[in-house]
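The next block holds one structure in the form of structure tokens; read it before the comments.
The values are calculated or read from the model by the stated rules, or taken from the named source; none is laboratory data. Source: prediction; values computed, not measured. All Cβ positions, even for glycine, are placed from backbone atoms using ideal geometry, and neighbour counts span all protein chains on display. Note: areas computed on protein heavy atoms with side chains; ligands, DNA, RNA excluded. Shrake-Rupley method; radii C 1.70, N 1.55, O 1.52, S 1.80 Å.
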Amino acid sequence: MREAGLLAPTRDGRAHGPKAHDGTITTDRPYEMWGTDATSTLTGEGQATIFIAVDHCTQECIGIHATLRGTRFKALEPIRQGIRERYSAYQEKIAQGLTLRHDNGSQYCSRSFQDELRFLEIESSLAYVREPEVPERARVRTYRAAYKLRVLQDYEGLDKAGKGALLRREGLYSPLISQWRKHRDRGAIIALTQKVGRPGADPRDRELARLRQEKARLEQELDRARRVIEIQGKLSALLEGLATESAAEKSEPA
């Protein structure tokens, strides 16, 4: 859409001195910067406001809250969800080192919202229009199967506080752990339901064997056809020679 010039008109924005940054808002590790924003939609009960918070490294949703009144207190709900889920507690200075990116909306600039951030020791990072541009392609982390199994084994042997510490150390989130556990359990169930003994042949191997047999049959038919054509050619030449000799004998005077 951007390359074709089909994006909706937006404000160009302007430089804001030290508040504007010339780099990127994506981070190398989770728990370094979160972003929060709000949107609204029309429902059967009226207009509702939806607040959401995401991690700038993994692009994962860490909290979401829908309400009929988008107040400054409701704007804190996604942040509270993320703190309780990621830090396994909600107390003073528990989120030290975390930065929260938000715009200059009235909810986010209110004293109540900023006081809550200071209580948690979250640094407020104010965003301005088009600073920076949205990246064209988000980075996606990949994990090997052995790493997933090791993390699951360690995670399931810890208490709630230990699980939170492990997630922060590895830069992971509990929804990702739940997804890995489902995949592991599904694989175990499939393995248990498989029949004991020699595994069945791969359908691709059977199809390959059939194609080889068909190829051999066609080659045999082609070879027979070549021999028939060769014999027919020799027979035609012989008959033509006999006919020529017979015509020559008839043309000789008695």
Failed condition for Thr58, given (1) in contact (Cβ under 8 Å) with a residue 40 or more places away in the chain; (2) surrounded by fewer than 19 Cβ atoms within 10 Å (Cβ to Cβ); (3) part of a loop (DSSP other than H, G, I, E, B); (4) not hydrophobic (A, V, I, L, M, F, W, C): (2)
Residue ID - surrounded by the fewest Cβ atoms within 10 Å (Cβ to Cβ), chosen from residues in segment 61-90 that are modelled with pLDDT under 85 and either under 14 Å from Leu100 (Cα atoms) or not charged (D, E, K, R) (or both): Ala89
Long-range neighbours under 6 Å by Cβ, at least six apart or interchain, first residue closer than 10 Å to Tyr108 by Cα within segment 62-74, second buried (at least 17 other Cβ atoms within 10 Å of the Cβ): Arg72/Gln107; Arg72/Phe113
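Is it true that Arg130 is modelled with pLDDT of 80 or more, exposed (fewer than 14 other Cβ atoms within 10 Å of the Cβ) and either of a type in the set (Phe, Trp, Tyr) or more than 29 Å from Tyr87 (Cα to Cα) (or both)?
Details: modelled with pLDDT of 80 or more: no; exposed (fewer than 14 other Cβ atoms within 10 Å of the Cβ): yes; either of a type in the set (Phe, Trp, Tyr) or more than 29 Å from Tyr87 (Cα to Cα) (or both): yes.
When the stated conditions are applied, Arg130 does not pass them.
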Residues of segment 29-53 classified as open to solvent by less than 50 Å² (accessible area, probe 1.4 Å) and under 18 Å from Ile83 (Cα atoms), total: 8
Subset of segment 91-115 [open to solvent by 40 Å² or more (accessible area, probe 1.4 Å), closer than 20 Å to Tyr31 by Cβ and not small (Gly, Ala, Ser)]: Gln91, Glu92, Lys93, Gln96
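Going by what's in this entry, would Ala15 be described as open to solvent by 70 Å² or more (accessible area, probe 1.4 Å) and either modelled with pLDDT of 80 or more or of a type in the set (Gly, Ala, Ser) (or both)?
Working: open to solvent by 70 Å² or more (accessible area, probe 1.4 Å): yes; either modelled with pLDDT of 80 or more or of a type in the set (Gly, Ala, Ser) (or both): yes.
Against the criterion (open to solvent by 70 Å² or more (accessible area, probe 1.4 Å) and either modelled with pLDDT of 80 or more or of a type in the set (Gly, Ala, Ser) (or both)), Ala15 qualifies.
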